[in-house]
Structure formats: C-alpha cells, structure tokens
Amino acid sequence: MWVDNVDCRYSKWNFTSLERVRPFIDSTFHKADLVVPTPQEVKNKSEISLKDKQIVLILPEKTTAAEKAAQNLLAEHFDK
C-alpha cells in the first residue's frame, strides 16, 4: 500500500456534536458573556448556573442520526 500526501490536521468534522458543545456545557457562564458586542471589561460579574433550569434542545428539520443521538445524550446529561 502506498500512502501519499497525508494530512493529519483536525477539522470540525473530526468531532461529534457532543464533543463540539462540551466546553459550553461544562462551564459557568456570566451575564457579561451574553452581551453583544462583548465588552472589554466588566465589573461585578455574576454567574449563571444551568442546574435546575428547563433546557430545550432544538434540531433542524433535516437531521442525521448522529445529531439525534447527540441530542439524546445532551438531554440525558441535563436530566442528571
């Protein structure tokens, strides 16, 4: 077997939907993070906890099996 021009870079297609959104799930957000355009400096930040909140997961009409599986995994994660 001959392999030529191998490209070993990561792209967004290398990761599942759950892996792409995990940094947003496992972190605590501040109200200042939701302001658009983002301010350069914010004093007296308050945290927003996602615990005990009703979260709705929305998918487009044309979804793949992987996206539906990711939605189910996210729903199970939030239900814990």
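The values are calculated or read from the model by the stated rules, or taken from the named source; none is laboratory data. None of these values were measured; they are calculated from a predicted model. Cβ coordinates were reconstructed from backbone atoms using ideal geometry, including for glycine residues, and neighbour counts include every protein chain displayed.
Out of the range 55-64, which residues are modelled with pLDDT of 80 or more and in contact with a Leu (Cβ under 9 Å, 6 or more places away or on another chain)? Working first, answer last.
Here is the first cut: in the range 55-64, the residues modelled with pLDDT of 80 or more are 56-64.
Listed by number, the list holds a single entry, Leu57.
Identify all residues within the range 30-52 that are among the charged types (D, E, K, R) and at pLDDT below 75; write none if there are none.
First pass over the range 30-52, keeping only residues among the charged types (D, E, K, R): 31, 33, 41, 43, 45, 47, 51-52.
Hits for the range 30-52 are Lys31, Asp33, Lys45, Glu47, Lys51, Asp52.
Under 8 Å between Cβ atoms, at least 6 apart or on separate chains: pull out the pairs that start in the range 51-73 with a residue that is free of Cβ contacts under 8 Å to residues at least 24 places away in the same chain and end on any residue that is aromatic (Phe, Trp, Tyr) and part of a helix (DSSP H, G or I).
Ile55/Phe78
Restricting to the range 8-29, and then to whatever is modelled with pLDDT of 75 or more and of a type in the set (D, E, K, R), can you tell me which residue is nearest to Lys80 (Cα to Cα)?
Selected residue: Arg22.
Taking the conditions exactly as written (part of a helix (DSSP H, G or I), touching a helix residue (DSSP H, G or I) at 6+ places or on another chain (Cβ under 7 Å) and either closer than 30 Å to Tyr10 by Cα or at pLDDT 80 or above (or both)), does Glu67 satisfy them or not? Write out each step before concluding.
Working: part of a helix (DSSP H, G or I): yes; touching a helix residue (DSSP H, G or I) at 6+ places or on another chain (Cβ under 7 Å): yes; either closer than 30 Å to Tyr10 by Cα or at pLDDT 80 or above (or both): yes.
Here the answer is yes, as Glu67 does meet what is asked.
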